[in-house]
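Heads up, the thing below is written out as structure tokens.
Values quoted throughout were computed directly from the atomic coordinates according to the rules given, and no laboratory measurement underlies them. The model shown is predicted, which means the values in this text are computed figures rather than measured ones. Every residue, glycine among them, receives a Cβ derived from its backbone with ideal geometry; neighbour counts consider all protein chains shown.
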Amino acid sequence: MPDPQKRLLFIVSLSQKGVAFDCSRSKRLGALIQYQNNISLLRQFFGMTFHSYSARGEQPCKSVSGPAMPKIIQVSDLHLTPAGVSHLGCNPRVRLEAAIDSINNEHADADLVVFTGDLTALGQGAAYVALAECLKALRVPFRLCLGNGDHRGRFLEVFKEVPIDEAGFVQTAVKIGHHTVICLDTLSSDGGHSGELCERRLGWLDARLKDCAGGPALLFMHHPPFEVGMPFLDSLALKHPERLAAVLAPHDITHIFLGHLHRPIAGSWRRIPMSVVRSTVSQFALRLGGPPARCLEAPFYAVALVSDESVVVHFHDYMFDGTVMKYEPVPAVIVDNEAVAYEYQKGRS
């Protein structure tokens with residue numbers, strides 16, 4: 001057996017044959033390249049076990065972990081306007097329709113779509129009518145949260161069937177897999193841009209969390225209860241976040257999904273994982289510590305895969321129209337002699 005300090009790791013994926021294997025002997029690189037299309041010879045040469053995977057274009061491998069994980073989509077900050085009114089040069093309705101088309105075509109198996117507030121730009125009734133028209137095309141169940149760009153009364157005039165709590169706030173809870181999805185209404189009573197969770201809303205949240213009986217919960221809301229290092233946005237965060245923290249503390253909150261900031265942000269608050277998504281229209285440029293600036297970075301929505309062990313959040317740039325190239329795995333090697341890697345690259349260029 002060679003000295004462990006001199007052993008070399010090879011990680012090789014063979015796209016044409018759908019085989020992945022490990023090797024620790026650098027002398028065999030030449031044989032690897034020569035015989036990479038001949039599985040039987042490679043097996044004989046390396047004297048090792050091969051593990052198959054499904055190559056691109058083939059049927060996907062069956063899951064070894066049981067049923068598919070629940071999938072939840074988050075879309076935020078639609079800023080819909082009445083017909084003919086643009087938003088920073090964008091047509092918010094076109095952007096939303098593109099998101100819905102993407103969800104229908106790529107994630108029709110999702111369990112739920114949550115729209116986390118700022119459904120409209122200025123709470124106009126015609127904008128809510130436009131939203132209702134767009135949502136008719138969505139083939140996945142959905143829930144709607146309110147943000148500072150919304151008007152609760154005009155929203156409820158259009159969305160008469162949307163679940164509300166006993167106090168009339170647009171709050172709801174739904175079971176997805178083993179998790180309880182809780183959607184909060186953080187629209188401030190004074191009509192300001194900061195978020196608010198009054199005693200009645202927090203009381204409703206506390207009751208829903210107690211209903212979980214210790215089970216995990218996912219929280220969806222518009223306003224973040226923390227600062228992100230951007231002074232203007234920090235001034236518009238949820239007011240009195242310590243009150244929300246006190247309600248959440250005894251419970252198992254596995255993730256908080258947020259909007260409002262028009263930025264891709266991830267981290268944790270009070271040891272609870274959180275993520276923030278971009279708007280479907282305009283974004284705030286990253287200006288840490290400086291004055292605010294708007295930009296037209298690409299919109300995306302989030303795709304959350306939820307299991308008993310994890311919450312994995314993907315950000316999907318659904319309007320990307322650039323080149324998508326076929327992925328063909330190549331041997332990735334770590335060797336003492338760099339000339340080996342250069343020779344391999346010359347053969348592929």
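Per-structure values
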item	result
Order by protection proxy (mean Cβ within 10 Å, highest first), peptides 278-284, 339-345	278-284, 339-345
Two-decimal Rg to Rh for segment 228-335 - Kirkwood Rh, Cα set	1.07
Cut-off under 5 Å, modelled amide H: who pairs with Ser76 long-range	Thr116, Thr280
Ratio of the Cα radius of gyration of segment 144-289 to 2.2 N^0.38 Å, where N counts its residues	1.02
Radius 14 Å from Cβ of Pro82, net charge of other residues (Lys, Arg +1; Asp, Glu -1)	+1
